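The next block holds one structure in the form of structure tokens; read it before the comments.
The values are calculated or read from the model by the stated rules, or taken from the named source; none is laboratory data. This structure is a prediction, so every number in the text was calculated from the model and none was measured. Note that we place each Cβ from the backbone using ideal geometry, even for glycine, and neighbour counts take in every protein chain shown. SASA here: full protein model, heavy atoms, side chains in, ligands and nucleic acids out. Shrake-Rupley method; radii C 1.70, N 1.55, O 1.52, S 1.80 Å.
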Amino acid sequence: YFNKILNDYPNSKNYNKVNIQLGLLDLKIGKINEFQERLEDVSLKDLNQEEKYEYYNLMAYFYDIYDDTFNKKINYSNALKHANNKVKRIYIYNKLLEISEKQHDYINCIDYIEGIQANTETLIVDKELLKDWINYKLKLNENRDVIYKLETLLSSSVTKKDELYYKINIGRSYIYLNEYASSVNILNEL
């Protein structure tokens, strides 16, 4: 059906989208030459926002096959610019986070975690992402940021378990700052 669209309706508004989808299929079944030929038919400047998102995702997938992390990250970053909804942005942020974690690029890890949280529909903080965010901030010696964020979360915490988690990490951050008295006060209170 995709080939029928390309052959019978070359002026169709779906021409580029079909080529991108066929390119993905070519990649998935290992037809690299066909994939490259197909993408030669795609004019990047003629793509709309959705098609650019799909195109850059496809290119990131291509570079993932060849373990080219640099170009994979560039293409995911470009896809993020064209992601038109929160679900797509969260997907791309997760892909970029995965790459940055492998590279031990903690600054970008923090940015991507914050991007995921900013695009989440609920106000509930994902505990695993928060844990990772805290660990990356601590590795960068940004203890004050950890304390500020946790104190903010603490003011709106709903469960004793959350409150305990936040206070322990605030105390831990004070220890890293060599502010032992503040840490002792929090831990004694607990």
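Residues in the range 133-147: is at least one in a loop (DSSP other than H, G, I, E, B), farther than 25 Å from Ile107 by Cβ and either open to solvent by 70 Å² or more (accessible area, probe 1.4 Å) or of a type in the set (Phe, Trp, Tyr) (or both)?
no
Testing Asp67 on (1) open to solvent by less than 70 Å² (accessible area, probe 1.4 Å); (2) not in a helix (DSSP H, G or I), one condition comes back false. Which one is that?
Answer for Asp67: the failing condition is (1).
Consider only pairs whose beta carbons are under 6 Å apart and that are at least six residues apart or on different chains; among these, list those whose first residue lies in the range 80-91 and is among the β-branched types (Val, Ile, Thr) and whose second residue is part of a loop (DSSP other than H, G, I, E, B).
Correct list of pairs: Ile90/Asn119.
Give the range 1-48 a look and list any residue that's of a type in the set (S, T, N, Q), open to solvent by 80 Å² or more (accessible area, probe 1.4 Å), modelled with pLDDT under 85 and part of a helix (DSSP H, G or I), or say none.
The answer is Asn3, Asn7.
Being closer than 18 Å to Tyr76 by Cβ and part of a helix (DSSP H, G or I), is that true of even one residue in the range 118-126? Break it down stepwise before answering.
Step one: list which residues in the range 118-126 are closer than 18 Å to Tyr76 by Cβ, which gives 118-119.
Then drop every residue that is not part of a helix (DSSP H, G or I), which leaves 118.
Scanning the range 118-126, I find at least one residue that is closer than 18 Å to Tyr76 by Cβ and part of a helix (DSSP H, G or I), so the answer is yes.
Condition first: open to solvent by less than 70 Å² (accessible area, probe 1.4 Å) and either under 21 Å from Tyr106 (Cβ atoms) or in contact with a strand residue (DSSP E or B) (Cβ under 9 Å, 6 or more places away or on another chain) (or both). Now tell me which residues in the range 176-190 satisfy that.
Residue satisfying the conditions is Leu177 alone.
Residue under question is Lys72, and the condition is that it be within 30 Å of Asp132 (Cβ to Cβ), in a helix (DSSP H, G or I), in contact with an Asp or Glu (Cβ under 6 Å, 6 or more places away or on another chain) and not aliphatic (A, V, I, L, M); does it hold?
Working: within 30 Å of Asp132 (Cβ to Cβ): yes; in a helix (DSSP H, G or I): yes; in contact with an Asp or Glu (Cβ under 6 Å, 6 or more places away or on another chain): yes; not aliphatic (A, V, I, L, M): yes.
It is true that Lys72 is within 30 Å of Asp132 (Cβ to Cβ), in a helix (DSSP H, G or I), in contact with an Asp or Glu (Cβ under 6 Å, 6 or more places away or on another chain) and not aliphatic (A, V, I, L, M).
If you take the residues of the range 148-175 that are modelled with pLDDT of 90 or more and among the aromatic types (Phe, Trp, Tyr), which of them is most open to solvent (accessible area, probe 1.4 Å)?
Among them, the one singled out is Tyr148.
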